[in-house]
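The values are calculated or read from the model by the stated rules, or taken from the named source; none is laboratory data. Since the structure is predicted, the reported quantities are computational estimates derived from the model, not experimental observations. For neighbour counting, all protein chains shown are included, and Cβ atoms are generated from backbone atoms with ideal geometry for every residue, glycine included. Heavy atoms of the whole protein, side chains included, go into the accessibility calculation; ligands, DNA and RNA do not. Shrake-Rupley method; radii C 1.70, N 1.55, O 1.52, S 1.80 Å.
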Amino acid sequence: MLELRNVSRLFGGLQALNQVNMLVPTGKVVGLIGPNGAGKTTLINNISGLDHPTSGEILFNGTPIHTRAPHHIAQLGIARTYQNIRLFGEMTALENLLISQHGRGSASILDALVFTPRYLREERRLRDTASGLLERFNLTPVAKLRAGNLPYGDQRRLEMARALGTQPKLLLLDEPTAGMNPVETEALGEQILRLVREDGLTVLVIEHDMSLIHQVCDEIYVLNFGQIIAQGTPDEIKHNPQVIEAYLGQDED
Amino acid sequence: MKKLLSILMVFALLLPVTATFGQDDTMEQPLVGFWEQCPTPENLPETVNVGAIFGLSEAVAVYGTAQQNAVQLAVDEINASHYLGENSALVVMFEDSAGNRDQAIAAMTKLVEEDGVVAVLGPTLSSEAFAADPVAQENSTVVMGVSNTANGITEMGDYVFRDSLPEGAVIPGTIAQAAEILGLAKVGLFYGNDDDFTVSGYEVFKAALEENGIEILSEETFAKGDVDFNAQLTNLIAAEPDALVVSALAAEATQIILQARALGYEGPIIGGNGFNSPAVLRDTGADSEGLIVGGAWNYGNPNPTESSVQFVEMYEAAYEMSPDQFAAQAYTGAWLMATAIRCADSTDRTAVRDSLAGIADFDSPLGVFSFDEDRNPVHDPIAQIVVDGKFQPLALVMGE
Amino acid sequence: MNITQQVVNAIWLGGVYSLFALGYALVFSILGVLNLAHSAVFMWGAFIGLVMVTQFSFSVWLAIPVAMLGAGLIGVLLDAVAFAPLRRRNAPRIAQLISSIGAAILLVNIAQLIFGTQPQRFPLGSIPTDTIEGLPFRITPIQIIILLVSVALMALLQYMVIRTRAGQAMRAVAFNQRVASLLGVNVSGIFRMTFFLAGALAGAAGVLYGLAYNSMTPFMGDQVALKGLTVIVLGGMGNIQGAVVGGFVVAALEVFSIANGGSNYRDAFVFTLLFLILLFRPQGLVGQKEHTRA
Amino acid sequence: MEFLRSIGITEIVMQFMLINAILGLSMYLVLYTGMFSLANAGFMSIGAYTGVILTQNFNQPLWVGLIGGMVVAGVLAVPIGLPVLRLKDIYLAIATIGFGEVVRILILNFDTLAGSITGESVRLTRGALGITGIPKITETWHLLAFLVVTGFIMIRLHRSRFGRAMAAVRQDEPAAANMGINVVYTKNMVFIMSAVLAAAAGVLKAHLTRTISPGDYGFDQAVSILAFAVLGGTSTWVGPLVGGFVLTALPEILRDFKQYRGIVNGSILLLVIVYLPGGMVNPAGWSQMWARLRGKKQGDTLTTEVS
Amino acid sequence: MALLEVSNLHTSYGAIKALRGISFQVERGQVVSLIGANGAGKSTTLNSISGLLKPSSGKVLFDGRDITGWRADRVTGLGLVQVPEGRLVIANMSVEENLWMGAYPRKDRAGIQADLNDIFARFPRLAERRTQKAGSLSGGEQQMLAVGRALMVQPALLMLDEPSMGLAPLLVNEIFHIIAEIKKRGIPILLVEQNARKALQIADYGYVIERGTIAYEGPAEQLQQNPKIISAYLG
């Protein structure tokens, strides 16, 4: 579904990404791990269009997207979450979900001005989808609350719901378990697996929490200093000496 | 103690007022006014309200406060001498326009439509007049500009007057005289290009220079509020002009003179109304030597009229500073207005208009004053040159 | 003579702009806010200096430090009234910008009430004004003094910020207020100090400016306010050396656009440059682009 | 009505209030989308000059001038907005101040510039002298109608997909982009709408004050427009409306204070910004201030930001 | 008398009550861990002690002195030093300048120089990079620098806020080594950690915060055995 070919990104003299090749097959969960500053978030930014590669290609279902604007990429079906939650904090949970469907609407300002049937139909549809998402993520009771005031757990779930609101085919998760305890982490893992099974999504996840990685990933890429240093199944990676040295360390527990 | 102090303060403030009252009976008849031409009015109400719109705050207040001072001076004099009759007093309602067009319109509307004034003096700036005067015209109320010099002011209607000579009435004479005495052949022209006053001055200068066959070597511009003119002056001076011709307001004029001299320029500098301020002469000191000024009135005029001398004395006594042209025109404006009301013996706006339009040969600090048929002022402008730190009539120097 | 003189004109005008912009840049570098009341403090500095000379018969050289002190205190007051309450509330930077405009209106109007609107001047003879003889160009002593003072103040400020303990604390505060306070820095104190320094710099600039052009009104700050903005953008917002460089660049641009017959478009050139710098080199002329790794 | 007149709010003042409310709304649009643009005064001048040239030099009726001014400003907003709106925060503010100054200087020199290009003497903007003798054809009902329509558009905007996108762009641009919102389009569209609104106010006002000159649209005007919006409050579109009303009426109501007017004006600006976060139309702000005035300590004042 | 004694602390953000009566203490020479879910109030507790936040009620006693509501810089001046979450070294200062900045409350130049050398000896990676800008360091090095900077104050009590947050597993281990070493030197530590397992391994005593109050407390070994804590936090 997603393919990176020799993707490099230079910031001034800094090689943030160096000839990265990667394949995310449809219906799979791919993990991306690596030390801080290895370039993981840069990679996600490049895929989602917030940043563009200096060289190389990114293909989504065969279409090159590495020069596309982020909204375009979102409309093609790539959604993401962020390392630090980035909800629209001044809006309600419901409004956040309405916005997420922006790319799925087509009514113009003029439609809204004169209440065309198209506008009315579309608004109804967006609201229905939003309430469905609220329901699904147990957020219905907080639908009318400001997203910024929600408890941390609700914010995390809302962010995930918002990403799904764009009706993506590929979901990019950037450290989704940050700030979660092991119990919450496991629940999240199950949710991810459900998304893949039930909604047919493909997932690329950045994570430090190895338990989640083991729980959900079919395949793992390890990034260090902007380069892929290893690739394989969770078990292969766990025992890869290079990965242990650069990232995992000796397990002391 | 505090109480005592405040009582003393009040007393001190009242002193000048009571002093004027005390002199009431013995007060000499002012030199200005149609004492003979028109009889003492009998039909005027106790208070005759006249409005005045001046810029009393923001940067324009430099002119506006001088105008307010001068008008107040005239009003005190008019009332003390019972110019409008034993039982009638002239009351001027001052409004601040802050140099802002919207506020000038609002003030004019308030005065004319709400307060029902007989007539209005002002507003200070021509740009305000273009916006506010039509309000007076629509209400058939006299408005008299006392500092509007732009073209087309009185074309706004038959109720619009002014007693301020437009640049077109001052500058050509100055240039012609200067050209003759100094034998000007080529000059540098310098003006502020973002202000209507300085731009209209520039246009008149340019026309006058062409009329007299004087070559303009180079033109430079500055912006309102500039303080550094070295770069432009360096350019102008480098062309070696016979004279620098400058259209600027007083603040910039001072700097231009000082900086031109500091750059080594020793030739004459010719300016319009903007240079015509006691502050310019005072602040430039010896550097003002050779400054040629055309204006409607000048503090340093060596041959002033009697009423002008008296006006200067009174103004200096009251405000501890010397009046400038704006003050003289405002003072004259107040007297003209009072005279129109006296001669009409009515507060009817149209009667006042007709009476004002008929004023001719009025002896004022500005000289012998009349209105032409377009309600513009007619009196002799002055063209002077600074010699030995003093203004001398340009014509006199020419005679030598 | 012409070109040399224009170069001298540009250097001199650059000195004036730099001197004004120093305090502007200082506040921006530490607080990240634009203090649009800086020009009002500058004006107050000039008037304090004037009052010292005319009312208390101080010599000009004594009046300058007094004006710096006075303007510095006004700066501190400004912080307390217009900035500190907003900082405490974490208000957006726009709010602080607007409150600084409000403070500027207030300061100018109070000055109007006290000093009137007539231009005021230092008594003749306060400073030597005769041009210096024997040079291939014209320059007056006060022009040289302003140049020297602005360069000296810049050097002093730069030394202070880089080398001294207080300067380090200022930089720490500029980076992150929370971290600085955890390091033992009295953040509010640093803010007050910054405003004091910026005010004092504005005060010095005000008096010297007043001496140079010898015409002071409550509105004297208006003209330099927008120019000062251009200067600090060119220098890279909040870059102290940049402010000085920017001052000279703006002055050079002005002078040479005039020298080449473009006095009508002088300001258009300046603001177009401002535009281009913002679009293509937002870090300013001397600044270096900082890269943050993801 | 009588009462309003007695405190100095005459019809002309009310007309200014309506115009400034429109200007406040034009500022509101950009602020609501998170753009700190001070270009409105510049667009106001572009609108005013275009409109007046159409009505005066080409004898067109007011509505043609109005639409002409709006169209020209809207079209010019595109090449300005595209590069400039990449800037944020104070940088955008400064760039747009620069834009305003450049517009002012170009209008100032328009005639000489056009003259030197065409080789004929051009007298269109008349430089610093400004255009005078513009017929006063703007009526109160024009302004009221315009404001009602604008208000309706504001309400509908907030209920539309585009209005939600505006809010999203303000709060988090990258996140909005990742939601499929075309950030560049949204920002530029709003910038154009804001320019069009400012231009309309410019045309309407020019036909009320009878005279315009480049100096009317400088930095001071830009700051005033900003003040209308911020003082009124930008949490709803009603705020800038009220801000425009109050700030216009205030100097007239305060006429009797004479030379203290400036001080009162400055103080009010300062007090509202400092003590009424969110502006005058913001109930939460008032209740907070009320609580503080009653001396109820909330006990949770934060020394620094909470991130 | 305990070194740090917090009693019945309440703190709110506007209408949201973040702390609802937190009480705990840190004895001299002890490492105490505060664990809990995100949003439970761990960081708020630290910030309320260090002065970044003002508690609405309750008391903080440090070394017997009431420091409730003190400004952060004065608290630091007492030697109660917090290393904030997210490391936050001063990016545009060099490593050495950052360390000097750490010694800001101190006036003894010689002593500072000696401690600086000591830090460089202990963290050779920092010594290698002493003139580099702190912003160019890797995440782990930045955390090292943040801790080193705090040590420059000669802290009487070190408060670490989520030192392992967002770090790769390898670095998490390294950071805990450093904490262990500081503990060995006898500097008391109040540790707020997401990684409950490691936090309790290193601690003498532990507290569990849930929704702004202390839900459990006890010696670290005991907590590690508590089935409820195991199921909720240790997984």
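Given a 10 angstrom Cα cut-off, can you work out which residue in A:VAL114, A:VAL196, A:VAL20 is the most mobile in a GNM of chain A?
Sorting by GNM fluctuation, first place goes to A:VAL114.
Rounded, prolate or oblate: which fits chain B when a ≥ b ≥ c are the square roots of the eigenvalues of the alpha-carbon gyration tensor, with rounded for a/c under 1.5 and prolate only if a/b beats b/c? Could the numbers behind the result be given before it?
On the way: a/c = 1.82, a/b = 1.62, b/c = 1.12.
Taking the square roots of the gyration eigenvalues as a ≥ b ≥ c, chain B is prolate.
Skipping prolines and chain starts, which residues have an amide H placed within reach, meaning under 5 Å, of the one on B:ASN49, given they are 5 or more residues away or on another chain?
Result for B:ASN49 returns B:VAL91, B:VAL118.
Accessible area per residue for the stretch E:1-83 in Å², computed with a 1.4 Å probe and the full protein assembly in place, what is it?
Working: 2890 Å² over 83 residues.
Result: 35 Å² per residue.
Can you tell me the accessible area per residue over chain C, all protein chains present, probe 1.4 angstrom, in square angstrom? Mind dumping the intermediate values first?
Working: 10300 Å² over 294 residues.
Accessible surface, normalised per residue, equals 35 Å².
Which order do C:ARG163, A:ARG125, B:ARG162, C:ARG138 take when ranked by solvent-accessible area (1.4 Å probe, heavy atoms of all protein chains), largest first? Provide the component values of the computation, followed by the final result.
Working: C:ARG163 175, A:ARG125 115, B:ARG162 5, C:ARG138 90 Å².
From most accessible down to least: C:ARG163, A:ARG125, C:ARG138, B:ARG162.
Determine the shielding of peptide D:85-91 by partner chains: average, over its residues, the number of Cβ atoms on other chains within 10 angstrom of each Cβ. Walk me through the intermediate numbers first.
Values: counts 0, 3, 4, 1, 6, 11, 5.
Average neighbour count from other chains, rounded to a whole number: 4.
Take the alpha carbon atoms of the stretch C:202-262, find their center, do the same for the stretch B:254-331, and report the distance between the two centers in whole angstrom.
Measuring centre to centre over Cα atoms gives 30 Å.
What accessible area per residue, rounded to a whole number of Å², is obtained for the stretch D:14-124 using a probe radius of 1.4 Å?
Values: 3770 Å² over 111 residues.
With the other protein chains kept in place, the stretch D:14-124 gives 34 Å² per residue.
Suppose we compare each residue of the stretch E:95-139 in its chain alone and in the full protein complex with a 1.4 Å probe; which ones drop by at least 30 Å² of accessible area?
Checking the loss per residue gives E:GLU97, E:MET101, E:TYR104.
Compare the Cα positions of B:ILE269, D:THR118, E:GLN25 along the charge dipole of the protein assembly as shown (+1 at Cβ of Lys, Arg; -1 at Cβ of Asp, Glu; about the Cα centre) and return the one farthest towards the positive end.
The listed residue farthest towards the positive side: E:GLN25.
Given the DSSP H assignment, sum -39500 (n - 2.57) over each helix run of at least 4 residues in the protein assembly as shown and divide by its residue total; what's the result at 222 nm in deg cm²/dmol, nearest 500? Could the numbers behind the result be given before it?
On the way: 57 runs with 775 residues, N = 1489.
Helix-only estimate at 222 nm: -16500 deg cm²/dmol.
With the calculation restricted to Cα positions, what are the radius of gyration and Dmax of the stretch B:279-377 in angstrom?
16.0, 52
Out of B:THR124, B:THR47, B:THR284, any idea which swings most in a Gaussian network model of chain B, alpha carbons joined below 10 Å?
B:THR47
Which value, in debye to the nearest 20, gives the size of the charge dipole of the protein assembly as shown about its Cα centre, when Lys and Arg are +1 and Asp and Glu are -1 at the Cβ? Provide the component values of the computation, followed by the final result.
Details: 102 positive and 131 negative charges, 1591 e Å.
Dipole magnitude for the protein assembly as shown comes out near 7640 debye.
Quick one: check the C-alpha center-to-center distance for the stretch B:353-400 versus the stretch A:187-216, whole angstrom.
Using only Cα atoms, the two centres lie 94 Å from each other.
In debye to the nearest 20, how big a dipole does chain E give about its Cα centre with +1 on each Lys and Arg Cβ and -1 on each Asp and Glu Cβ? Please report the intermediate quantities before stating the final value.
Numbers: 26 positive and 22 negative charges, 68 e Å.
Value, rounded to 20: 320 debye.
So, with a 1.4 angstrom probe, what is the percent of accessible area on chain C that is carbon and sulfur? Could the numbers behind the result be given before it?
On the way: 6640 of 10300 Å².
Carbon and sulfur: 64 percent of the exposed surface of chain C.
Among E:116-124, C:260-268, D:245-253, how do they line up by average Cβ neighbours within 10 Å per residue, starting with the highest?
On the way: E:116-124: 15.4, C:260-268: 18.7, D:245-253: 20.7.
Listed from highest to lowest mean packing, they are D:245-253, C:260-268, E:116-124.
Counting pairs on different chains as well as pairs 8 or more places apart, how many Lys pairs in chain A have Cα atoms under 22 Å apart? Please report the intermediate quantities before stating the final value.
Working: A:LYS28/A:LYS40; A:LYS28/A:LYS169; A:LYS28/A:LYS238; A:LYS40/A:LYS169; A:LYS40/A:LYS238.
Count of close lysine pairs: 5.
Which Cα, out of A:VAL216, E:PRO188, B:PRO123, lies furthest along the positive dipole direction of the protein assembly as shown (beta carbon charges, K/R +1, D/E -1)?
Ranked along the dipole, the leading option is A:VAL216.
At most 12 other Cβ atoms within 10 Å and a DSSP loop assignment: could you name the trypsin sites (Lys or Arg not before Pro) in the stretch E:168-199 that fit? Intermediate results must be reported in sequence, preceding the final value.
Working: sites: E:LYS183, E:LYS184, E:ARG185, E:ARG197, E:LYS198; in loops: E:ARG185.
Listed in order of number, the matching sites are E:ARG185.
Can you name the helices of chain D, as whole DSSP H runs, whose Cα span along the helix axis is 24 Å or more and whose Kyte-Doolittle mean is not below -0.5?
Numbers: long enough: D:11-32 (31 Å, 1.68); D:62-84 (33 Å, 2.12); D:89-108 (29 Å, 1.72); D:140-158 (27 Å, 1.49); D:183-209 (38 Å, 1.33).
Passing helices, by number: D:11-32, D:62-84, D:89-108, D:140-158, D:183-209.
Can you give me the angle between helix A:182-199 and the longest principal axis of chain A, using Cα atoms only, in degrees from 0 to 90, rounded to the nearest 10?
Long axis of A:182-199 versus the principal axis of chain A: about 70 degrees.
How crowded by other chains is D:104-111, given as the mean number of beta carbons from other chains within 10 Å of each beta carbon? If you can, show how the numbers build up before the last one.
Working: counts 4, 12, 2, 0, 9, 6, 0, 0.
Mean shielding count: 4.
From the phi of every residue in the stretch B:200-212, what ³J(HN,Hα) in whole Hz does the Karplus formula 6.51 cos²θ - 1.76 cosθ + 1.60 yield, where θ is phi - 60° and glycine or proline is x?
5, x, 4, 5, 5, 4, 4, 4, 5, 5, 5, 3, 8
Report ³J(HN,Hα) in whole Hz for each residue of the stretch A:147-159, in order, from the Karplus equation J = 6.51 cos²θ - 1.76 cosθ + 1.60 where θ = phi - 60°; Gly and Pro get x.
My calculation for the stretch A:147-159 gives 4, x, 8, 6, x, 3, x, 4, 4, 4, 5, 5, 5 Hz in order.
Under 19 Å between alpha carbons, and skipping anything fewer than 8 positions from E:LYS107 in its own chain: which aspartates and glutamates qualify?
In chain and number order, the partners are E:ASP73, E:GLU96, E:GLU97, E:ASP115, E:ASP118.
Looking only at Cβ-Cβ distances, which cysteines of the protein assembly as shown have no other cysteine closer than 4.7 Å?
Cysteines of the protein assembly as shown left without a disulfide-compatible partner: A:CYS217.
Please check the stretch E:20-50 for residues whose accessible area, probe 1.4 Å, is lower by 10 Å² or more when all protein chains are in place than in their chain alone.
E:ALA37, E:ASN38, E:ASN47
Straight-line reach from D:LYS205: which lysines fall under 16 Å, measuring Cα to Cα and dropping same-chain residues less than 8 apart?
D:LYS136
Find the sum over both chains of the accessible area lost when B and C are paired, probe 1.4 Å, and report it in Å² to the nearest 100. Write down the numbers at each step before the final one.
Details: alone 16880 and 14750 Å², together 29150 Å².
That pair of chains buries around 2500 Å² in total.
What are the principal axis extents of the Cα atoms in chain C, in Å, biggest first?
59, 47, 34
Counting only other chains, what is the mean number of Cβ atoms within 10 angstrom of the Cβ of each residue in peptide C:186-194? Don't skip to the answer; put the middle values down first.
On the way: counts 5, 5, 3, 2, 1, 0, 0, 0, 0.
Mean partner-chain Cβ count within 10 Å for C:186-194: 2.
For chain C, what are the DSSP H helices with axial Cα length of 27 Å or more and mean Kyte-Doolittle hydropathy of at least 0.0? Could you put the intermediate results ahead of the total?
On the way: long enough: C:2-31 (43 Å, 1.31); C:93-115 (32 Å, 1.71); C:141-163 (32 Å, 2.01); C:187-213 (38 Å, 1.43); C:240-259 (28 Å, 1.88).
Those that clear 27 Å and a mean of 0.0 are C:2-31, C:93-115, C:141-163, C:187-213, C:240-259.
GNM on chain A, C-alpha springs below 10 Å: top fluctuator among A:LEU158, A:LEU23, A:LEU43?
Sorting by GNM fluctuation, first place goes to A:LEU23.
Do any residues of the stretch C:207-228 lose at least 50 Å² of accessible area when the full set of protein chains is present rather than just their chain alone, and if so which, with a 1.4 Å probe?
C:TYR213, C:PHE219, C:GLN223, C:LEU226
Among B:ALA279, B:LEU31, B:ALA106, which residue has its Cα furthest toward the positive end of the charge dipole of chain B, with +1 on Lys/Arg Cβ and -1 on Asp/Glu Cβ?
After comparing all options, I get B:ALA279.
Calculate what fraction, in whole %, of the accessible area of chain E sits on carbon and sulfur atoms when a 1.4 Å probe is rolled over the protein chains. Display every interim value, and only then the final one.
Working: 4160 of 8710 Å².
About 48 percent, which is the carbon plus sulfur part of the accessible surface.
With a 1.4 Å probe and every protein chain kept in, tell me what percent of the accessible surface of the stretch B:243-336 is carbon plus sulfur.
Details: 1390 of 2630 Å².
Here carbon and sulfur together make up 53 percent of the probe-accessible area.
What translational D, rounded to a whole number of µm²/s, comes out for the stretch C:177-294 from Stokes-Einstein when the hydrodynamic radius is the Kirkwood one over Cα pairs, at 10 °C and 1.306 mPa s?
On the way: Rh = 16.6 Å.
Taking Rh from Cα pairs, D becomes 96 µm²/s.
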